[in-house]
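Accompanying notes for the structure given below.
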Amino acid sequence: MADINDIITKKAHLKDTLRLYEKTVEFNNIVQGLGNNDILEGMAYAADFVEPVFKAFSSIFDLPEENLVPLKEAMRFGQIDFTRLPMNELPSFSLPYHEDELMTILFLIGKPYFIRLRNSFKNESDLWEDGKCPVCNAKPSLGSIDEENKRKLFCSFCGSSGYYRRIGCPVCRSSDTSKLNIITLEDEKGFRIDTCDSCDSYVKTVESGLMNELNPDVADLVSLPLDIIAQGKNYKRHSPNPIGMMRMA
């Protein structure tokens, strides 16, 4: 995979974005090392692991621990349900955070949870027949066309991937080609935007050669200009990018 520093050299405007991504990787690695499957308990982290998870999050992302106390206490008392996040459902009770801020924090804190969930998932099929992740039910925002001209989709929550039919919108599952369009940018070689006018959604698509150089997370981040273009045309993204951003325009 291409080195982050090399990518920053070529795309200096993405430096802060990619440095933040490095922090998410560090956080995921620390939480993965906290324990085995006993770190998970139903819909979130087991109560004994809430404190070390939040301490790591506060330290790595340089956030005052006191700002995270309401969320930490809600999680400690079993009031946070990570499994609702892929459906873009936030906690129904009041928390002292803006909606976008809360979604970003929960996505980042919950990422190791979803990775553990994926690792424990048993499924012999590599098909996403319903156009969504079979592990966590997230809708895709990134895909690729592989060497065999097959369409693969990627989950930004748990990191799963699977194949979907070559033509059609995985968000609403429409196959009406009159509603499906492609947007390309001259400065973003190897990337394109697949839009659907039936549900006003988009999925970014990466050419297989480029995907061999970049993992899905990095591919999603380096193609951030495509999100801005798509959202500027009022198309919606249905899952956060690797640093927890959903709306860019």
In this structure, does K15 turn out to be more than 21 Å from the chain's Cα centre (by Cα), surrounded by 14 or more Cβ atoms within 10 Å (Cβ to Cβ) and assigned to a helix (DSSP H, G or I)?
no
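Would you pick out the residues in the range 61-89 that are among the hydrophobic types (A, V, I, L, M, F, W, C) and surrounded by fewer than 17 Cβ atoms within 10 Å (Cβ to Cβ)?
Matches in the range 61-89: F61, L63, V69, A74, F77, M87.
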Which of the strands (runs of 3 or more DSSP E) found entirely inside the range 180-241 contain at least 1 residues meeting this: more than 23 Å from K111 (Cβ to Cβ) and without any contact (Cβ under 8 Å) to a residue 40 or more places away in the chain?
180-183, 191-196
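For the range 49-103, which residues satisfy the criterion of being among the aromatic types (F, W, Y), within 19 Å of the chain's Cα centre (by Cα) and not in a helix (DSSP H, G or I)?
Result: F61, single match.
I need the full set of residues from the range 23-45 which are assigned to a helix (DSSP H, G or I), without any contact (Cβ under 8 Å) to a residue 60 or more places away in the chain and touching a helix residue (DSSP H, G or I) at 6+ places or on another chain (Cβ under 6 Å), in order please.
K23, E26, I30
Are any residues in the range 188-203 aromatic (F, W, Y) and under 24 Å from I7 (Cα atoms), and if so, which ones?
Within the range 188-203, just F191 meets the criteria.
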Only one of D200, D194, D146, D187 is farther than 24 Å from Y113 by Cα, more than 22 Å from the chain's Cα centre (by Cα) and among the charged types (D, E, K, R), namely D187
Does any residue in the range 57-85 that is free of Cβ contacts under 8 Å to residues at least 24 places away in the same chain come within less than 8 Å, Cβ to Cβ, of a residue that is basic (K, R) six or more places away or on a different chain, and which pairs are these?
E65/K55
Name the single residue that is modelled with the lowest pLDDT among those in the range 206-220 being more than 10 Å from L142 (Cβ to Cβ) and within 14 Å of the chain's Cα centre (by Cα).
N215
Of the residues that make up the range 159-166, is at least one outside the structural domain of D62 (by TED's automatic domain parsing) and of a type in the set (S, T, N, Q)?
yes
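The values are calculated or read from the model by the stated rules, or taken from the named source; none is laboratory data. Keep in mind that this is a model prediction, so the values were computed, not measured. We place every Cβ from the backbone using ideal geometry, glycine too, and count neighbours over all the protein chains shown.
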